[in-house]
Every structure is written in C-alpha cells, then in structure tokens.
Amino acid sequence: MRQSWLTVNLLSSLMLLGPGCMLMHGDPLGHHFPHTDHPPTRTATRELQTDDLTIILEAPPLVEAQQSSLLVTVKDSNTGQPFPAARVTIAIARDENDSESQELEATETAQTGVYEVKHAFEERGRYILTASISAPERLDSTVTVSLNQTVVHQTSLGTNRLAKPILMILSALGMALMMGLMVI
C-alpha cells in the first residue's frame, strides 16, 4: 500500500510540476516571449498624414521562414484618391543597435495606390519596417513611415491554443489527485 501511495504521489507531483511550471511562465509549449515580445496576433498598422499624402504601412503577423506581404497604401490627402506611380521602398532592419537594413522595392498591386513587398524573414525577433515614398514630379521630398513588428517561430502561432487547455486540465487533475492523497 505504501509503495502504491508513493508512486501515485510521485506521478501527481510530476503532473503538477511539469505543466504547472510552464503555465506559470505563460506558454505551455515553453516558447519564450519576453514582456515586450509577445507573438503578434493581428496586423500592425501605422498611418501618417502629411499635407500631400496619407500613407498606411501594414505588416501582418510575421512568421520565421514564411513569406509575408508588407503593404503600403498611398492616397492624396486632399482628394482621398489613390496615389499611383510613386516609388515605394521598404527598409527592413532588426531592432538592434548597429543593425544593417535591407531595402526592397515595392511593386504596385492591381489596386491603384497599393504597393507590396513580399519577404520571408529568416530569423525571429523584433524588426523595424520603414516605408519611403517618393514621386519627384508631385512631391517636394521623400516621405517615410515606420513600424515595429515581431517575427515569431512557426509553432508560436496557433499550436499553443489547443495545448494550453489540455495542460491546464492535466495540472488540475494532478493537483486534485495529490490533494486527495494528502487527505487519505
């Protein structure tokens, strides 16, 4: 009897400690997202309005090694109409000191005034995306808008939605079993 009690107590403790510790740190699969580095769950958007232009830079949730579409919408501020034939680039740099940026030329999509860069981020981490818009015949200077977005590991999005409730149930069962054995 003592051996079975010891075995059950040990198993219930392991059930409590394993998932319980992971739940205390906020991610049941053990992925680490520091306080300011939570995985993005929606599109990041930054809008800038000048006397001449309204610019919207959009970055979807970014996943390591998956191609993403970065969009820049450019409109005439006075009329609200799309701004065609602009030169649009997006500079991509890691959010670190002395990080070199990679500048990519955007192409205008089938929708006038919407420009796109397709890019696969090789490493996870925080990135600064800076869109530059120029049209020498219509603008006096280049206009820029920036935003920050985090690139996450592929399993960081979606898979933990099912794992967390299962681990919580296992933790609760382990705790109930351990408490029941303590009463006996």
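Quick note: the coordinates plus some simple rules give every number you see, no bench work behind them. Just so it is clear, the structure is predicted and the values come from calculations on it, not from any experiment. Don't worry about glycine lacking a Cβ; one is built from the backbone with ideal geometry, like all the others, and counts go over all protein chains shown.
For this structure, a couple of remarks:
- Mean Cα-pair separation over length for the range 103-153, i.e. relative contact order, pairs under 8 Å, 6 or more apart, %: 32
- Proxy reagent accessibility, fewest Cβ within 10 Å first, across 88, 117: 117, 88
- Exposure proxy ranking for 118, 75, based on other Cβ atoms within 10 angstrom of each Cβ and starting from the fewest, stands as 118, 75.
- Stretchable slack from residue 100 to residue 175, in nm (0.36 nm times residue separation minus alpha-carbon distance): 22.0 nm
- When you restrict to C-alpha pairs under 8 Å that are six or more residues apart and normalise by the size of the range 44-155, the relative contact order lands at 30 percent.
- 10 Å beta-carbon shell around residue 115, net charge (K/R +1, D/E -1): -2
- With 5 Å bins from 0: P(r) over the range 44-155, alpha-carbon pairs, percent: 2, 13, 23, 25, 17, 11, 7, 3, 0, 0
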